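Have a look at the structure below before the remarks.
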Amino acid sequence: MTTLNRREALALGAGTFLAGILAGRGVASAAVGDTLTIAFNVNLPSFDPTVGPSAVNPTIQAIYQSVFDQFIGQAPDLSFKPGLLSEWGWNEDKTKVWMTVREGVTWHDGSPFTAEDVVWSLDRAAKQETGNPIQFIWSTAGNYQIEGNKITGDVIRFEPTYFKWMAFLTGYVLPKAYYEKVGAEGFEKKPIGTGPYMFDAYEGNAFLRLKANPNYFGGKPPFETVVFKFIPDATSRVAEIESGSSDITLDIPYEEFDRLKSASGLAGVATPITDIGMIFINNVDVMLDKNVRLAAHHAIDKKAIVDRLLRGYGVPIDTLEAPEYAAYDASIVVGYDPEKAKELLAASGYSTDKPVKFAIQTTRGLKPKDYEMIQAIVGMWRKVGIEAEIEVYEIAKHYELRAADQLAPAAFYNWGNSIGDPTTSTGFAMFGPSPHSVWNTDDLDGMIGPLWGEKDEEKRIAGWKAVSKYIAENGYVIPLLQYVQPIVYKSDLKVTPSVAGSMQPVLIGRA
C-alpha cells in the first residue's frame with residue numbers, strides 16, 4: 001500500500017504525485033490494462049457508507065458498492081438479488097422479519113464474515129446517536145436473534161420498504177470486530193469491507209485507489225486496480241477522457257457527449273436513470289405564498305430546457321415519481337403557462353415592474369448543465385415577475401444546509417431513488433420530520449404519515465399517488481426532469497449502464 005501524508009503529496013505537486021501513484025503510467029497516456037481510471041464527478045467526504053450526509057449521496061454509492069457489500073444486492077435493471085443475505089422476508093402476519101446469511105464470505109483482512117456482523121450493523125444503524133440518516137427505517141425492526149446463519153427479529157413498526165432499503169442508501173454491512181477494534185477514526189484511515197475491491201491509497205479531493213479482492217464471493221473483478229480521480233468540474237472531466245488521462249467518465253455536458261462518443265478510440269452510452277432534477281421549495285419567506293410557488297412552476301418551459309440545453313437527453317416531469325417508480329401517475333400535470341404565472345403573481349401584488357425576489361441555490365458541474373438550467377429558469381422567471389439570485393454551492397454544502405433546514409427558498413438538486421418506491425422519493429423529500437425534507441407543513445405531513453406503515457400495498461400506492469397530486473396542486477416542490485446519464489469511455493471497454501446511475505467498476509470490463 002502506498003502511504004504518503006498530505007504534506008509529502010503537496011510537496012511533490014499534484015501532477016507528479018498522481019503520475020507516480022498510478023503505478024508508473026503516464027497520466028496523459030493512460031491505457032486500459034490492469035488499471036481502470038475513472039474521472040469521477042464528486043469527492044469522497046467519508047469512508048463510512050452508513051453515517052453522515054455523504055451516506056445519502058446517490059453518486060457516491062458507486063464507490064461504496066466497490067468496497068462494501070449491501071444486505072441485498074441490486075442488478076443494473078434495478079431488480080433485487082441476493083447480497084450478503086441469500087434470503088429474506090416477513091412471517092405471515094408481518095410481526096417478524098427473517099434473513100439467511102450468505103456463508104463462506106471473508107472480510108478484506110481475511111477474517112470470516114458472520115451473522116453477528118449483520119445484526120451489529122442493523123443495531124448500529126437503528127441507534128439515533130450513531131448518525132445514520134435513515135435511522136428511522138432501521139429502527140422499525142429489532143431484538144434480533146441468531147441461530148447459525150439464520151436471523152430473526154421483531155417488527156417494532158411495520159415498514160413496507162424495510163428490505164428494499166437493504167439494497168439502497170446506508171444499507172451496508174460493516175465489520176463488527178474490526179470497527180470496534182479501530183474505532184471510527186481508524187476505520188476512516190483504513191476501511192475494510194467484503195466488496196469486490198479493497199482500499200489501497202487515498203488523497204482527499206484528489207483520488208482513491210482500490211485493489212481487486214481476489215477472494216470476492218462474486219468472482220474476481222475484471223481490473224486489478226481501480227482509480228477514482230475526483231474531478232467535480234465537468235470541463236475537466238471532458239479533458240480527462242479526451243486526453244486519455246482517464247478511461248471513463250460520466251455526467252458531462254451532452255454536446256460534449258455527442259462529440260466524444262463519435263471520436264476515434266471512444267464510445268458512449270446514454271441511459272435514462274432514476275434520478276430526478278428538482279427544485280426544493282423551503283416554506284419560508286415568499287414561498288409561503290401559494291401563488292408565488294405555482295407561478296414559479298408554471299413559468300418554466302421544461303421541454304425547451306431538455307431540448308435546447310440537454311439536446312433531448314431528459315424527460316420533463318411534474319411529479320417526483322419517475323416512470324420507473326411504483327407510484328408514477330402520468331395524469332399529474334402542472335404545465336408550462338407563463339400567462340397563468342403572471343396572473344398568479346398579480347393576485348399577490350407582483351409584476352415585472354414589482355417582482356417577487358428570492359435566492360435559488362444550485363450546483364455547477366455535478367450534473368450536465370445544472371447551472372445553465374438554473375440560469376435559463378431564472379431568465380424565464382424574470383419574464384413573468386420573479387427576480388431570483390443564483391448562489392452556487394458544492395453538493396456537500398447542499399446536504400449540510402438541507403439537514404439543518406437552512407436551504408434558500410429555492411434550491412436545485414437531483415434526487416436518486418433506485419428502489420423505485422414512493423416513500424424514497426416523494427416521502428423522504430417532502431415529509432416534514434424527514435431529515436431530507438425542507439418543506440414542513442401539517443397538511444402534507446397529515447397525508448403522508450399514515451402511509452409509512454400501510455400493510456395493504458394497493459391502498460399504499462394509491463395513497464402516495466394522492467399525495468403527489470396534492471403536492472403538484474399546491475406547488476410544494478418543482479420537479480423538472482428525469483435524467484439521462486451520459487457515459488463516455490475508451491472503445492476497448494465494455495460498459496453495462498445501471499438504471500440507478502451508479503457507475504460501479506464491476507459493471508465495466510474489457511471489450
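For the condition part of a loop (DSSP other than H, G, I, E, B) and surrounded by 16 or more Cβ atoms within 10 Å (Cβ to Cβ), what is the one hit in Ile419, Ile360? None of the others qualify; the one that does is Ile419.
Considering only the stretch 273-294, I want to know if a residue exists there that is more than 30 Å from Asn474 (Cβ to Cβ) and either assigned by TED's automatic domain parsing to the domain that holds Ala404 or out of contact with any helix residue (DSSP H, G or I) (no Cβ under 9 Å at 6 or more places or on another chain) (or both). Taking every residue of the stretch 273-294 in turn, none turns out to be more than 30 Å from Asn474 (Cβ to Cβ) and either assigned by TED's automatic domain parsing to the domain that holds Ala404 or out of contact with any helix residue (DSSP H, G or I) (no Cβ under 9 Å at 6 or more places or on another chain) (or both). Applying the condition of being among the β-branched types (Val, Ile, Thr) and assigned to a loop (DSSP other than H, G, I, E, B) to the stretch 422-446 and asking which residue is surrounded by the fewest Cβ atoms within 10 Å (Cβ to Cβ) yields Thr441. Picking from residues in the stretch 372-381 that are without any contact (Cβ under 8 Å) to a residue 24 or more places away in the chain and surrounded by fewer than 17 Cβ atoms within 10 Å (Cβ to Cβ), the one that is nearest to Pro58 (Cα to Cα) is Gln375.
Exactly one residue out of Trp107, Trp120 is more than 18 Å from Val51 (Cβ to Cβ) and in contact with a Phe, Trp or Tyr (Cβ under 9 Å, 6 or more places away or on another chain), and it is Trp107. Can you confirm whether Gly171 is within 19 Å of Ala55 (Cα to Cα) and at pLDDT 95 or above? Here the answer is yes, as Gly171 does meet what is asked.
So that you can scan it fast, the table gives a plain yes or no per residue for (1) under 23 Å from Ala403 (Cβ atoms); (2) loosely packed, with under 15 Cβ neighbours inside 10 Å; (3) among the hydrophobic types (A, V, I, L, M, F, W, C):
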residue	(1), (2), (3)
Asp117	no, no, no
Ala125	yes, no, yes
Asn132	yes, no, no
Phe158	no, no, yes
Thr161	yes, no, no
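Counting only strands (runs of 3 or more DSSP E) wholly contained in the stretch 159-249, the ones carrying 2 or more residues that are farther than 30 Å from Asp421 by Cβ and acidic (Asp, Glu) occupy 197-203. Within the stretch 88-131, the residues that satisfy the criterion of being part of a strand (DSSP E or B) and hydrophobic (A, V, I, L, M, F, W, C) are Trp88, Trp90, Val97, Trp98, Met99, Val101. Only one entry of Tyr489, Tyr483 meets the criterion of being farther than 19 Å from Ser437 by Cα, modelled with pLDDT of 95 or more, in a strand (DSSP E or B) and not β-branched (Val, Ile, Thr), and that entry is Tyr489. Selection of the stretch 402-416 for residues being closer than 21 Å to Leu480 by Cα and either in a helix (DSSP H, G or I) or of a type in the set (Ser, Thr, Tyr) (or both) yields Arg402, Tyr413.
Here Val42 does not fit the description of being at pLDDT below 95, assigned to a loop (DSSP other than H, G, I, E, B) and touching an Asp or Glu at 6+ places or on another chain (Cβ under 7 Å). Filtering Ala234, Ala299, Ala263 for residues that are small (Gly, Ala, Ser) and modelled with pLDDT under 95 leaves a single hit, Ala234.
Of note, Asp93 satisfies the criterion of being free of Cβ contacts under 8 Å to residues at least 12 places away in the same chain and among the charged types (D, E, K, R). The residues of the stretch 14-39 that are modelled with pLDDT of 50 or more and either surrounded by fewer than 17 Cβ atoms within 10 Å (Cβ to Cβ) or closer than 18 Å to Ala167 by Cα (or both), listed by number, are Gly33, Asp34.
Within the set Val384, Val467, the sole residue that is β-branched (Val, Ile, Thr), within 19 Å of Asp329 (Cβ to Cβ), crowded, with 21+ Cβ neighbours inside 10 Å and more than 19 Å from the chain's Cα centre (by Cα) turns out to be Val467.
Applying the condition of being in contact with a strand residue (DSSP E or B) (Cβ under 8 Å, 6 or more places away or on another chain) and at pLDDT 95 or above to the stretch 45-61 and asking which residue is nearest to Ser434 (Cα to Cα) yields Thr50.
Of the residues making up the stretch 483-497, those that are surrounded by fewer than 23 Cβ atoms within 10 Å (Cβ to Cβ) and of a type in the set (S, T, N, Q) are Ser491, Thr496. Going by the conditions given, is Thr170 under 18 Å from Ala62 (Cα atoms), assigned by TED's automatic domain parsing to the domain that holds Gln128 and not small (Gly, Ala, Ser)? Taking the combined requirement at face value, the residue satisfies it. Contact map, the stretch 211-236: first residue closer than 24 Å to Ser86 by Cβ, second residue crowded, with 17+ Cβ neighbours inside 10 Å and of a type in the set (Lys, Arg), Cβ cut-off under 9 Å, separation 6 or more or different chains; pairs are Phe217/Arg102.
The values are calculated or read from the model by the stated rules, or taken from the named source; none is laboratory data. If you're wondering where the values come from, they're calculated on a predicted model, not measured in any experiment. Cβ atoms come from the backbone with ideal geometry, glycine included; neighbour counts cover every protein chain shown.
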